[in-house]
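The structure appears right after this line, and notes come after that.
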Amino acid sequence: MSRWSIPPDLDTMGPRPGPSPHSMEPPMTKPNMTGQPPSRSTEESSGVAGWIDRRLPVISGFRAEYIDFRMPKNLNGLWNFGAILTVVLLLMLATGTFLAMHFIPTATEAFLSVEAIDRQLPGGWMLRGMHVVGANLFLAALYIHLFRGLYYGSYKAPREILWISGLVLMVLVMATAFAGYVLPWGQMSFWGADVISKAVGAVPVIGGTLEHILAGSDQLGDIFLHRFFVIHFILAFLVVAVVGIHVVAVHVAGSNNPLGIEPKTPKDTLPFHPYFTSKDLIGLVLFALIFALLMFFWPGLLTEPDNYAPADPMHTPADIEPEWYFLPFYGMLQSVPSKFGGLLAAAGSLLILFALPWLDRSPVRSMRFRPLCRVGLLGLVVAFVLLALVGKHHAQGSWMALGRISLLYYFGYFLVLLPLAPRLEKTRPLPASISAAQGDA
Ligand code: HEM
């Protein structure tokens, strides 16, 4: 028998309880942690499905992870956003691929090619509309998803890697969105890119070199645009790969829940299908309604009028401001009197989230039981929104003072309140179990 041939018994193999130590048969199903029998295992599968599954357990894997997989039964609507993000990501890849077929990444033709997609390509306006609205709602869903993690303490053990993979996604998605915004080469694309490349140039010692690497030449033009087109494309696919890791990490650690306590018995959980498939579907339909409303009725709400004028390096717009989802970071950039300091504050605001599992030492996860930190987290959201307003008002006058206070609060929450909370806070008693909290123990 050659090294790669299938052992003769594999084709004729009947159902067996599990692989023997000497068997080359792939494991049939992952053990079900709750001790409940799976609905229908592949041990019963015959025909082509069984044949494939014994060689590559995709069918039994899918069944174990998406049909029989048990989730805490008390998940609320905030647990819908992972599925929403996954679907919007697929939509972004599909629409982006078709847009890329018509986009021309040169300084003279980029703007015109986007206009042609909007006005001449059959259905092009819808393709572009979906990509633009999709980008905005993707970022909105991402912020809600992240907030859910902060509120229910989903970053705590054993979910640290899950949290960190999420943050890597966040950084990648932000970079992808920024690179994408440059592509139509309108006034805001150009001047937004100018602000950021100058901010990068403010890094001591290596700043000039970094700025030159980013721009590719002395001024932002063809090389820069081509570079950003490639970056936008590649990052989007990298995001898909990291989502794979993220979702595996969710399935290894299991979902947290609003009470922040682990399920203790099968009574605390429900199978993924049909309970959470139907719940996710309802969330997706509601989300699709908002998506359609924005795309068909208020397309101007999310776009910047200045970006409908072609990039003009000789004419600075009166107001340079990024998309709403970058405004809080723009506010941070402006609240610090030095360019490099602003860059450090904006980058630090994201980096500090990576250390969160180790900064928050409280044994209680969910903010429902943490009165002090719950108020503190509310303050963090207010500070984040205020920083966005500061960014919108260019940190002038009293906005500057507000920006600095909000920035101090932002870092204070992570560096002072959370580390000191176990000493300062009297947490509320946790319920004995999820079922007990719901009164059906
Ligand atoms: C491309 C972006 C992302 C996608 C497609 C994605 C997808 C998912 C999915 C499908 C789930 C399981 C369903 C759910 O719990 O909602 C999940 C859970 C989770 N995600 Fe993400 N995610 C993304 C970004 C992020 C970010 C930016 C963070 C925060 C740093 C994050 C942190 C988490 C955490 C902590 C969980 C488990 C939450 C829990 O069970 O309480 N994810 N994600």
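Fully extending the segment from Q120 to A241 would add 40.1 nm, taking 0.36 nm per residue of separation and subtracting the current Cα-Cα distance.
Roughly speaking, what is the stretch gain from S278 to D222, that is 0.36 nm per residue apart minus the C-alpha to C-alpha distance, in nm to one decimal? Mind showing how you got there, number by number?
Values: separation 56, 0.36 × 56 = 20.16 nm, distance 4.79 nm.
Here the segment from S278 to D222 would lengthen by 15.4 nm.
The modelled label-to-label distance between F147 and F354, using points 7 Å beyond Cα along the C-beta direction, is 2.6 nm. P313 sits among other residues whose Cβ lies under 15 Å from its own Cβ, and their net charge, with Lys and Arg +1 and Asp and Glu -1, is -4.
Can you tell me the FRET efficiency between V168 and N76 if r is taken as the Cβ-Cβ distance and R0 is 30 Å, rounded to the nearest 0.05? Please list the in-between numbers first.
Working: r = 26 Å, r/R0 = 0.86.
For V168 and N76, the calculated efficiency is 0.70.
Between amide H atoms placed 1.01 Å from N, distances below 5 Å from M71 occur with L270, F272, all of them 5 or more places distant or on a separate chain. Once the C-beta distance of S338 and V382 is scaled by a Förster radius of 25 Å, the resulting FRET efficiency is 0.45 to the nearest 0.05. Diagonalising the gyration tensor over the Cα atoms of segment 75-316 and scaling each eigenvalue by 5 before taking the square root yields semi-axes of 37, 23, 14 Å, largest first. Could you pull out which residues in segment 181-197 have an amide N less than 15 Å from a spot 7 Å beyond the Cα of I213, following the Cα-Cβ vector? Output list for this probe position: 197.
Applying 1/(1 + (r/R0)^6) with R0 = 51 Å to the Cβ-Cβ distance of L420 and A318, what FRET efficiency is obtained, to the nearest 0.05?
On the way: r = 45 Å, r/R0 = 0.88.
Efficiency, rounded to the nearest 0.05: 0.70.
Checking the table K73/K279; K339/K392; K267/K426; K264/K426; K73/K426 against a 19 Å threshold on Cα-Cα, which pairs fail? Going by Cα-Cα distance, K267/K426; K264/K426; K73/K426 fall outside the 19 Å limit. Restriction of the trypsin sites (Lys or Arg not before Pro) in segment 368-441 to DSSP coil positions whose beta-carbon has at most 15 other beta-carbons within 10 angstrom yields K426. Put a plus charge on the Cβ of each Lys and Arg, a minus charge on the Cβ of each Asp and Glu, and nothing anywhere else: the dipole of the chain about its Cα centre is then about 1760 debye. Tell me, Kirkwood radius of the chain from alpha-carbon pair distances, in Å? Evaluated on the chain, it is 24.8 Å. With a sphere of radius 13 Å drawn around the Cβ of G166, what net charge do the other residues whose Cβ falls strictly inside it have (Lys, Arg +1; Asp, Glu -1)? Its environment carries a net charge of +1. Of the residues A345, A311, A253, the one that moves most in a GNM of the chain with alpha-carbon contacts below 10 Å is A253.
Principal-axis analysis of the Cα atoms of the chain puts helix 81-102 at an angle of about 60° to the longest axis. Residue separation of K264 and Q438 scaled by 0.36 nm, minus their Cα-Cα distance, works out to 61.3 nm of gained length. Of all aspartates and glutamates in the structure, those lying under 15 Å Cα to Cα from K156, and not within fewer than 8 positions of it along the same chain, are E262, D360. Take the Cα of I290, go 7 Å toward its beta carbon, and none of the backbone nitrogen atoms of segment 223-259 fall under 15 Å from that spot.
Rule-based calculations on the coordinates, nothing more; no lab input. Nothing here was measured: the structure is a model prediction, and the numbers come from that model. Every residue, glycine as well, gets a Cβ built from its backbone with ideal geometry; the counts of neighbours run over all protein chains shown.
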